[in-house]
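One structure below.
Each reported figure results from applying straightforward, stated rules to the coordinates on display, with no laboratory input. Keep in mind that this is a model prediction, so the values were computed, not measured. Cβ placement follows ideal geometry from the backbone for every residue including glycine, while neighbour counts extend to all protein chains displayed.
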Amino acid sequence: MSDHTEAGTAAPYDALLLLSFGGPEGPDDVVPFLENVTRGRGIPRERLKEVGQHYFLYGGVSPINAQNRELLEALRKDFAEHGLDLPVYWGNRNWAPYLTDTLREMAADGHRRVLVLATSAYASYSGCRQYRENLADSLAALEAEGRPVPRVDKLRHYFNHPGFVRPMVDAVLTALAGLPEDVRDGAHLAFTTHSIPTAAADTSGRPEEHGDGGAYVAEHLDTARVIAEAVREATGADRRWKLVYQSRSGAPHIPWLEPDICDHLEELHASGAPAAVMVPIGFVSDHMEVKYDLDTEAAAKAAELGLPVARAATVGADPRFAAAVRELVLERAATERGLAPERCALGALGPSHDVCPVGCCPARSPRPAAAGAE
């Protein structure tokens, strides 16, 4: 048995931190949560109340915290069943449990070497660098309080790990099975992810990956190809697919990645496509942007067009994803001990880097970031 798969080999790490975005858990939380998210941008409170209507449609509760609790339990269950003695904590960027509070708790519990799992699978400023900046801020707060400051390392991007991709393949097959039989074989696949400014996309990833769409677009396209090919093999239908975007939130004059999912559905209908499956490969769980932008807004557009659509589930707390996290933990731990473990990855891009180099997803303004090269 290789060191990569042996139980109990997380050393030198002594804890795992599940790091996520956070979300409101009641109507009174919505505006304070959005103030946290938009801090420093000068957005008026009244505008935040308008933005918060998406949350109020769901009782002011984002599903993301409940989904993180499920993932937390899935990770603990998988670790215990495989003899991996590694405690798992949870902290958020924008809502309780806050990242700084969790790191303070971890330090008080004696943890000094911490691995971090971010609930973002791809390279980008908002999906990686910003989390690293938040880690640096929290570690600086602990140091200012005179507390022990643990060393933190971030797990590599897992967009092409089999434990992330294969649950998505099964989710697409389930969604296809839910479509009427007469349109099923002709259904197009619309792979969706969060739109970001094109300037941020072009500089995502390592400097050598910068360019048209950067690592952000390249990673999504590679994952989509792998899933589409697996679905073709399973169904025997060579169906068309496209990477599209959702959840744009920027000023109209700033270019963002396109096309938008709703515009794409209009294009599909105009071209005579019989049906579509929306595949949210850019999201780890069915949080608000999936529930509203796809299940509410895009579904309404499809109904207006008379276009049959289904939506594939996200990975969530799938046991295969929990197992993938365990494999990533053991892989990184073995690397830290000077070994050369197997690094699982599907598609053409290969496994991502362990340590973000200088110039990787550069900051919008000079800010320190933990878990990367100095």
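Rounded to the nearest 0.05, what FRET efficiency is calculated for ALA140 and ALA237 with R0 set to 41 Å and r the Cβ-Cβ distance? Walk me through the numbers on the way to the answer.
Numbers: r = 53 Å, r/R0 = 1.30.
Calculated value: 0.15.
For the stretch 70-79, take each phi angle, set θ = phi - 60°, evaluate the Karplus expression 6.51 cos²θ - 1.76 cosθ + 1.60, and give the result in whole Hz per residue in order, putting x for glycine and proline.
Result, ordered by residue: 5, 5, 4, 5, 5, 5, 4, 5, 5, 4 Hz.
Please sort 48-57, 216-225 by packing, taking for each peptide the average over its residues of neighbouring beta carbons within 10 angstrom, highest first. Display every interim value, and only then the final one.
Details: 48-57: 14.6, 216-225: 22.3.
Final packing ranking: 216-225, 48-57.
So what are the ³J(HN,Hα) numbers for the stretch 141-147, from phi and the Karplus equation (6.51, -1.76, 1.60; θ = phi - 60°), rounded to whole Hz, Gly and Pro as x?
Those phi angles translate into 5, 5, 5, 5, 7, x, 8 Hz.
The stretch 316-365: percent of C-alpha pairs farther apart than 18 Å? Don't skip to the end; give the middle numbers.
On the way: 598 of 1225 pairs.
In whole percent, the share of Cα-Cα pairs in the stretch 316-365 beyond 18 Å is 49.
Roughly speaking, what is the centre-to-centre gap between the stretch 65-137 and the stretch 299-330 when only Cα atoms are used, to the nearest Å?
Cα centres, the stretch 65-137 to the stretch 299-330: 21 Å.
Have a look at the DSSP beta bridges in the stretch 162-311 and tell me what percent are antiparallel, nearest 5. Present the calculation step by step, with values, prior to reporting the outcome.
Details: 1 of 15 bridges.
Of all bridge pairs located within the stretch 162-311, approximately 5 percent are antiparallel.
For ALA118, list long-range residues whose amide hydrogen, built 1.01 Å from N in the peptide plane, is under 5 Å from its own amide hydrogen.
LEU19, LEU155
If you average 1/r over every pair of different alpha-carbon atoms in the stretch 162-311 and take one over that average, what Kirkwood value in Å do you get? Don't skip to the answer; put the middle values down first.
Details: mean 1/r = 0.0634 Å⁻¹.
Every distinct Cα pair counted, the radius reaches 15.8 Å.
With each label point set 7 Å from Cα along the Cα-Cβ vector, what nm distance links ARG47 and GLU304?
Each label point lies 7 Å from its Cα, and together they span 2.4 nm.
As a test of the formula, what do you get for the chain when each DSSP H run with n ≥ 4 contributes -39,500 (n - 2.57) and the sum is divided by the residue count, at 222 nm and rounded to the nearest 500 deg cm²/dmol?
-12000 deg cm²/dmol
Taking +1 at the Cβ of each Lys and Arg and -1 at the Cβ of each Asp and Glu, which of CYS361, LEU294, HIS54 sits farthest along the dipole of the chain towards its positive end, judged by Cα position relative to the Cα centre?
The listed residue farthest towards the positive side: CYS361.
Residues of the stretch 91-133 with backbone nitrogen within less than 13 Å of a virtual label 7 Å along the Cα-to-Cβ line of ALA363, please, listed as ranges.
The answer is 129-133.
Can you list residues whose amide H is under 5 Å from ASP260's amide H, if they're 5+ apart or on another chain and H is modeled 1.01 Å from N?
TYR245
For HIS188, what residues show an amide H to amide H distance below 5 Å, using hydrogens built from the backbone and excluding near sequence neighbours?
Result for HIS188 returns ALA275, ALA276, VAL277.
Compute the distance from the alpha-carbon center of the stretch 342-374 to that of the stretch 155-195, in whole Å.
Cα centroid of the stretch 342-374 versus Cα centroid of the stretch 155-195: 26 Å apart.
If you take the alpha carbon radius of gyration of the chain and divide it by 2.2 N^0.38 Å, what ratio comes out, to two decimals?
On the way: Rg = 20.6 Å, N = 374, 2.2 N^0.38 = 20.9 Å.
Here the Cα radius of gyration is 0.98 times the empirical estimate.
Could you list, by residue number, the cysteines of the chain that have no other cysteine's beta carbon within less than 4.7 Å of their beta carbon?
Those would be CYS128, CYS262, CYS344, CYS361, since no other cysteine Cβ in the chain comes under 4.7 Å of theirs.
Each label point is 7 Å from the Cα along the Cα-to-Cβ direction; what then is the distance between the points at ASP185 and GLU105, in nm?
5.4 nm
With r defined as the distance between the Cβ atoms of THR174 and TYR58 and R0 fixed at 22 Å, what FRET efficiency is calculated, to the nearest 0.05?
Numbers: r = 23 Å, r/R0 = 1.06.
After rounding, the FRET efficiency stands at 0.40.
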